[in-house]
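This is the structure I want to talk about, given as C-alpha cells.
Taken together, the values in this text are just the output of simple stated rules run on the coordinates, not laboratory data. Just so you know, these numbers come straight off a predicted model, no measurement behind them. Don't worry about glycine lacking a Cβ; one is built from the backbone with ideal geometry, like all the others, and counts go over all protein chains shown.
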Amino acid sequence: MSYPIELIRHSLAHVMAAAVKKLHPDIKFAGGPAIENGFYYDFDTDYRFSEDDFEKIEKEMRDLIKSNGRFEQRIVSLDEAKELFHDQPYKMEWLNEYDANGEKLSVYSFRDFTDLCRGPHVESSKDLPRDAFKIRSVAGAYWKGDSKNKMLQRIYVDAFASKEELDEFLKMQEEAAKRDNRKLGRDMDLFHFEPEYAPGAVFWHDKGYKIYRHLIDYIRHRQELAGYMEISTPSVMDRCLWEKSGHWAKYGAHNYSGTTQDGKVFCVKPMSCPGCMLVFGQGIRSYKDLPLYFAEFGKVNRYEAAGALSGLMRVREFTQDDAHIFCTEEQLESEVVKILRFIKDIYNKFGFEKITMKLATRPLSEFRIGSDEVWDKAEAALKHALDANGIEYEIAENDAAFYGPKIDNYLKDSMGRVWQCGTVQLDMNLPERFDLSYIGEDGEKHRPIMLHRAMLGSIERFMGILLESTGGNLPLWLSPEPVVVVPVSEKYREYAESVVADLRGAGVCARADLRDEKVNYKVRELSLAKTPIIAVVGEKEQNDKTVTLRKLGIDAQEVVALNDFVRQMGDAVKMPA
C-alpha cells in the first residue's frame, strides 16, 4: 500500500522521537510536524545534540523501522492523558490548557513511545522507507515560538518516499549551497553584512549596488511606460499615522520607533501605504483622473529576530517596489488583471516561466479591520476577476493582509524552489480610514478602491533569488561588469584600454584588468567572480583588430572582430523591451 508523503513524514517523526528517547531515556519531548521536504521534532534535554549524534539517531531509526512495529491509536479521556504524560511537562502544559468539554483525546503508540496525536499514521513501520531520510541540522527553537519561554533543541530531518528522491533532493541542496547568495556575494564582491553594527542591513559594494540599481531602473522604466507616477514619502513619520492605518496595532512590535524631545513618538517607515494615501488626499480628485497609479521605491525597516535573518532573503532594511492604484468599482476587474499580466511579464523577462497564484482570504486575526460585508465584497471581486479571465489559482485560507484579500504570485526557480514575490491586494478599508474620495460623474463624493501592488516585492530578496537561480550567471543587461579586457602582457595594455574605451562608448560597463599577474590567474579569478565575458588581447588581436572571448560556462574560445564585438555588446546590455 502506498501512503501520501505527508503521512510518511508524520510517521517518521514519531519514529525519530522514539529513537531519541531510546538513546536518551530522560528526555522531554514537545512535538513536531511534517514540513516541506521532511519534518522536525523539538526536545528538551541538558544533552547538547550535534552532528556527531546524527548517525546514531539515524541508525536507531532504521533499526526501529526494521522491527516492523505497529502504529496503534487509543482514544483516552483528559484524565487518562494526564496520567500517561505526567512526566512530560510540555504535554502536560498543553493538556492543562486544553478545553476538552467531554471530548476524547487521541494518542498513538509506536514500540515503547507514546505521543498525543490525531493521526493518521502508516499501519506499520514496514510501510516506511529505511534509506530515504537524513538528519539535516539541529537548531534552537523557543517553546511555542515565544522568546519568553525555554529554548528547546529542534532536530530537522529531510524525508522522502524513496532513496532516489532523497538523493535528488540532497544533490539539489548541495547545488543550492554553492549558489547561496551570501557565498556569491563574497565571490562576486557584491555586498556584505555587519552583524555587530547593523544586523539585517546590506552594505552594498560597487558591483552589487549596480545590480540593485539596474533592477530598480528596469521596474521604473516599465512603470513609466505603463502610466505610473513615481512619488517619495518621508522615512520617519509620527506614530499616530500608523495607528490610524491599523499597522501599529498589528506590527508595532516590529517597528523601529523613538520619542523626540517634544514627547512625540516617531517611527521609521515599515511600509509605504499610509504615505501614499496622504499623497492621494491632496487636492480634489475626479472620476476622470481614475485609475491613478502611484509608485514608490520605499526603503523600509522592520525588526526581525536575529535567528531569522538570512542573507538577502531575510533582512531588516529593504526596498519595496510598491505601487498603489486608486480606481472605481467598475475599473476594478480590468485593473487586477492588468497588474497580474504585468507581474507575469516582468518575471518572464528575468527567466522565470513557471508562475502560480493563490487567492488569500480573510485572516482569523484580532487585528483584521473592516466589516464582514466589506470582506465578502472584496473577496468576491478578486475571485470574479480570476474566474472571469480564466486565470488558474489556489485558495490560501486565512492568509490575507489585515486590510483586505490578496492574490500572491509564486515563481519557481531553476532548482525547483518556489518563492512568493509579487502581490496585488484589494483594499476597501484604508481609503475609508483616511476618508479618501473622488468626485463622481454625478457630482457627488465617492470612495475609491485601492490596490496595493508589488512586482519584485523586496528588491534585496528578489536579487538573492535571482543570484541563486542563475548561480551568479546574470543576463548581460543586469551584469555589473559584462566585460573585462585582459592583455596578455604589459605590451598590449594600450590596445586593451582602447577596447574598453570603444565598449564604454557603446554603453557597455567594461574595464581592463591591468594587474601584474599571469593571464591564467586573472581568468580564474574573473571566472570565480562570474564575469560574463573575458576578452583576452595580445599581439595577434592587436594586429587583426580582434578580441578572443571566454564566455562564462563555455569552454570553447571565440575570436571576434572588435567592431562586431562592440556592436553586439552594445545591443546585449540594453534593458529588455
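If you average the alpha carbon positions of segment 68-124 and of segment 148-173, how far apart do those two centres end up, in angstrom?
25 Å
Go through segment 122-133 residue by residue and turn each phi into a ³J(HN,Hα) via Karplus (6.51, -1.76, 1.60, θ = phi - 60°); whole Hz please, and just put x for glycine and proline.
Per residue, the Karplus-derived 3J(HN,Hα) values read 5, 5, 8, 5, 5, 8, 9, x, 8, 10, 10, 9 Hz.
If packing is taken as the average count of other Cβ atoms within 10 Å, what order do 371-384, 6-19, 67-80 fall into, highest mean first?
6-19, 371-384, 67-80
Suppose a student asked you for the relative contact order of the chain, using Cα pairs under 8 Å spaced at least 6 residues apart; what percent would you report?
Working: 1009 pairs, mean separation 57.8, N = 577.
Relative contact order of the chain: 10 percent.
I would also like to ask the following. Which of the following values of P(r) over Cα pairs in 10 Å bins from 0, in percent was calculated from the structure shown: (i) 3, 13, 20, 21, 20, 14, 7, 2, 0, 0; (ii) 3, 15, 21, 18, 13, 10, 8, 5, 3, 2, 1, 1, 0, 0; (iii) 3, 16, 24, 24, 17, 10, 4, 1, 0?
The value computed from this structure is option (i).
Estimate the FRET efficiency between residue 330 and residue 574 by the formula 1/(1 + (r/R0)^6), using the beta-carbon distance for r and 35 Å for R0, to the nearest 0.05.
Calculated value: 0.35.
Related question: With θ taken as phi - 60° and the coefficients 6.51, -1.76 and 1.60, list the Karplus ³J(HN,Hα) couplings across segment 278-290 in order, rounded to whole Hz; mark glycine and proline as x.
5, 5, 4, x, 7, x, 9, 9, 10, 4, 5, 7, 8
State the antiparallel share, in %, of DSSP beta bridges confined to the chain, rounding to the nearest 5.
In the chain, DSSP labels about 85 percent of beta bridges as antiparallel.
Answer rounded, prolate or oblate for segment 483-572, using the Cα gyration tensor with square roots of eigenvalues a ≥ b ≥ c: rounded when a/c is under 1.5, else prolate when a/b is larger than b/c, else oblate.
Since a/c stays below 1.5, the shape of segment 483-572 is classed as rounded.
Rounded, prolate or oblate: which fits segment 314-387 when a ≥ b ≥ c are the square roots of the eigenvalues of the alpha-carbon gyration tensor, with rounded for a/c under 1.5 and prolate only if a/b beats b/c?
Judged from the Cα gyration tensor, segment 314-387 comes out oblate (a/c at least 1.5, b/c at or above a/b).
So what is the relative contact order for segment 1-152, in percent, with contacts set as C-alpha pairs under 8 Å and at least six apart?
After rounding, I find 28 percent.
I need the calculated FRET efficiency for the pair residue 225 and residue 289, taking r as the beta carbon distance and R₀ as 25 Å, to the nearest 0.05.
So, using R0 = 25 Å, E works out to roughly 0.80.
Is segment 254-350 rounded, prolate or oblate when judged by the Cα gyration tensor, a ≥ b ≥ c being the square roots of its eigenvalues, rounded requiring a/c under 1.5 and prolate requiring a/b larger than b/c?
oblate
While we're here: Taking amide hydrogens as modeled 1.01 Å from N in the peptide plane, which residues meet the under 5 Å criterion relative to residue 35, leaving out close sequence neighbours?
Here the answer is 40, since their amide H atoms fall under 5 Å of that of residue 35.
Additional query: Using 7 Å Cα-to-Cβ label points, what is the residue 501/residue 66 separation (nm, one decimal)?
So the two model labels end up 7.5 nm from each other.
Enumerate the aspartates and glutamates that residue 288 could reach by cross-link, defined here as Cα to Cα under 17 Å, with residues fewer than 8 away along the same chain left out.
Those aspartates and glutamates meeting the cut-off are 329, 330, 335, 441, 442, 444.
Okay, next question. Quickly work out the residue 244-to-residue 77 label distance, labels modelled 7 Å from Cα along the C-beta direction, and quote it in nm with one decimal.
Calculated label separation equals 5.9 nm.
So what J values fall out for segment 505-519 if you push phi through Karplus, 6.51 cos²θ - 1.76 cosθ + 1.60 with θ = phi - 60°, rounded to Hz, Gly and Pro as x?
Listing the rounded values in order: x, 8, x, 9, 6, 9, 8, 9, 8, 9, 5, 7, 9, 5, 4 Hz.
Nearest 0.05, what FRET efficiency do residue 217 and residue 104 give at R0 = 60 Å with Cβ-Cβ as r?
After rounding to 0.05, the efficiency reads 0.45.
Need the list of lysines near residue 126 for cross-linking: C-alpha distance under 22 angstrom, and skip anything on the same chain fewer than eight residues off.
Once the sequence-local lysines are set aside, what remains near residue 126 is 21, 22, 56, 59, 66, 134, 163.
Another question, if that's okay. Would you grab the residues whose amide H sits under 5 Å from the one on residue 236? Only those 5+ places off in sequence or on another chain, please, with H modelled 1.01 Å from N.
269
Moving on. How many nm separate the modelled label positions at residue 418 and residue 232, each set 7 Å beyond the Cα in the direction of the Cβ?
3.9 nm
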